[in-house]
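Working notes, structure below.
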Amino acid sequence: MKPIINFFKAKWLLLLSFVLLWFISCEKDPKFPEGEGKGGNDYGHLLQTKTFSGSVVIKWLDTQLDMLRVPLAAGTGSQDAARALAYCGIVTYESVVPGMPAYQSLTNQLNQFPGMPSTEPGKAYHWAASANAALADMNRKLFPTTSDANKFKIDSLENALKDIYAGETDDPTLQRSIAFGKEVAKRVYEWATTDGSANVNPPYVPLVGPGLWESTPPNFPAAVNPYASQRRLMTPGVADGTALEPPPPYSIDPASSFYAMVKDVYDKSQQLTPEQTAMALYHRDAPGYPGGGHFVAILSQVLSKAAPTLDVAALAYAKTGIASYDALAICFTIKYSVNLVRPITYIQNVLHYTTWSALFNTPGHPEFPSAHAVNAAAIAGMWTDLFGKDFQFTLHSYDYIGLPPRSYNSFDDMAKEMADSRVFAGIHYQPSVDKGRWLGEKVTQNILGKLKFHK
């Protein structure tokens, strides 16, 4: 029996040796994935996007804020910041989605969106390097007239991150990833140039008549974004079901609903609490960022707290940008269609409180609906979908000018505060913010129902 037992022992030892040799040969270098190490070939394990940190997105959001920050006296209401948010979000997502097996490109989903480049089969990519290259090129293209100091910041961030990534992978993989990101940026930007934002239109001349919008004192700003209807919406069918019930018919009769609506703004302005005043001043955009740019600051802070991997950060960036862009395009189209008078005009001319003024200058566009309410609700809906309805966070957007931070128990809390702040500021009627919030929520529901990020 002994020879037989020894024979089986020898077989098991031989088999164990083969298993150990196979395991050792398959071990990957902790720094370089298989096929990416020095002396290896270009083929091997394709790292997924989720293995990378989302910090590259946060760094580029913070850099972009330097190009969006404006002086105290700047006007608000432009779609330029929302446009940058949208295209940078899309370019980030498209530059890393091949490393997200459960997700798919937005090609054939967004309106007229072109085909994206393909990765080389079987070859590894460093997805953070791809996102870095794509965002650097997109920011250069979207902000061609930014200051030399900001252009230097773009170059410096791109190179600093590239140097870090060079220590994480081999040069062929790094260069392949950079080239892929740059090609994505090229195609997305070419698509962006056809969105209608570069259309040449005559100077906008406001219509004149009772109840119609007119430029407001004390600074009498020019009309902002009057040709929003020419903007190509990103999401097919995003405007479905977004028609708003109009505000009460214009009237100067003290017994009318319109008169009561305006009187509500005046009455609130006479009994503002310190908290309501602080709320209104915090969400005024200026100082800070025009027309949606403050959401770049907020997105950076939300991502910093959530600390997501690159796949989640890219998804959040894209969804935030698309929601903001489409919501504002629809909002401003309605604004110039309804063309409603602002509170300050009615309060001074009809209520005859001739020295009354809002807390800050009224933005240069018609009253209904509130763009702040629309934009905040649309973005809050996207963040709730991504991070949950009970996400607690604190905003430090304006620490740099001494405004105290503001804390929230949910994104919806923030959106409601932003909307109501416009009534406390004296620049919007309550129905304009209430219906604006509904519109923003509807836009987000449409986008989530029509775009399929997940396969």
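None of the figures in this text is laboratory data; all of them are computed from the coordinates on show. Remember, predicted model here, so these are calculated numbers, not experimental data. Because the Cβ atoms are built from the backbone with ideal geometry, glycine has one as well, and the counts that use them run over all protein chains shown.
Descriptive notes on the structure:
- Between helix 310-338 and the chain there is an angle of about 20 degrees, using the helix long axis and the longest principal axis of the Cα atoms.
- Built amide H within the under 5 Å cut-off of residue 103, gap 5+: 455
- Distant-in-sequence amide contacts of residue 53, defined by a placed amide H-H separation under 5 Å and a gap of 5 or more residues or a different chain, comprise 310.
- For Rg and Dmax of the Cα atoms in Å, calculated from these coordinates, the label among [x] 26.8, 115; [y] 27.6, 95; [z] 22.9, 75: [x]
- Calculated from backbone phi, Karplus (6.51, -1.76, 1.60) coupling profile of segment 152-168 in Hz, x at Gly/Pro: 5, 5, 4, 4, 5, 5, 4, 6, 5, 5, 4, 5, 5, 5, 4, x, 10
- The Cα atoms of segment 282-401 cover 56, 34, 23 Å along the three principal axes, with the biggest extent listed first.
- Whole-number percent relative contact order across segment 49-192, with pairs defined as alpha carbons under 8 Å at least 6 apart: 34
- Close amide-amide hydrogen proximity is noted between residue 244 and no other residue 5 or more places distant or on a separate chain, at a cut-off under 5 Å (H modeled in the peptide plane; Pro and chain starts excluded).
- The chain: calculated mean residue ellipticity at 222 nm from DSSP helix runs of at least 4, using -39500 (n - 2.57): -17500 deg cm²/dmol
- Separation of segment 418-455 and segment 306-341, taken as the distance between their Cα centroids, equals 10 angstrom.
- Rounded tilt (10° steps) of 2-26 against the dominant C-alpha axis of the chain: 40
- Over 30 Å (Cα to Cα) - which of 268/450; 305/455; 389/450; 268/442 fall in this group: 268/450
- Phi-based couplings in Hz for segment 405-414 (Karplus 6.51, -1.76, 1.60; Gly and Pro marked x): x, 10, 10, 9, 8, 6, 5, 5, 4, 5
- Cβ crowding within 10 Å, taken as a proxy for footprinting-reagent exposure, orders 213, 127, 191 from fewest neighbours to most as 191, 213, 127.
- Inter-site label distance for residue 220 and residue 207 at 7 Å from Cα along Cβ, in nm: 2.3
- Per-residue HN-Hα couplings for segment 418-432 [Karplus 6.51, -1.76, 1.60; θ = phi - 60°; Hz; x = Gly/Pro]: 4, 5, 5, 4, 6, 6, 4, 6, x, 10, 9, 7, 4, x, 5
- Shown here: segment 343-455, whose C-alpha atoms stretch 59, 35, 20 Å along the first, second and third principal axes, sorted largest to smallest.
- With Cα atoms, 0 to 90° folded angle of helix 371-387 axis to the chain main axis: 20
- Using alpha carbons only: equivalent-ellipsoid semi-axes of segment 49-192, gyration tensor based, whole Å: 26, 19, 12
- Distance between the modelled labels on residue 59 and residue 413, one decimal in nanometres: 3.3 nm (7 Å Cα→Cβ projection).
- Note on segment 49-192: dipole from Cβ charges, positive end direction compared against 167, 65, 119; the farthest Cα belongs to 65.
- Computed from the C-beta positions of residue 360 and residue 430 and an R0 of 22 Å, the FRET efficiency is 0.75 to the nearest 0.05.
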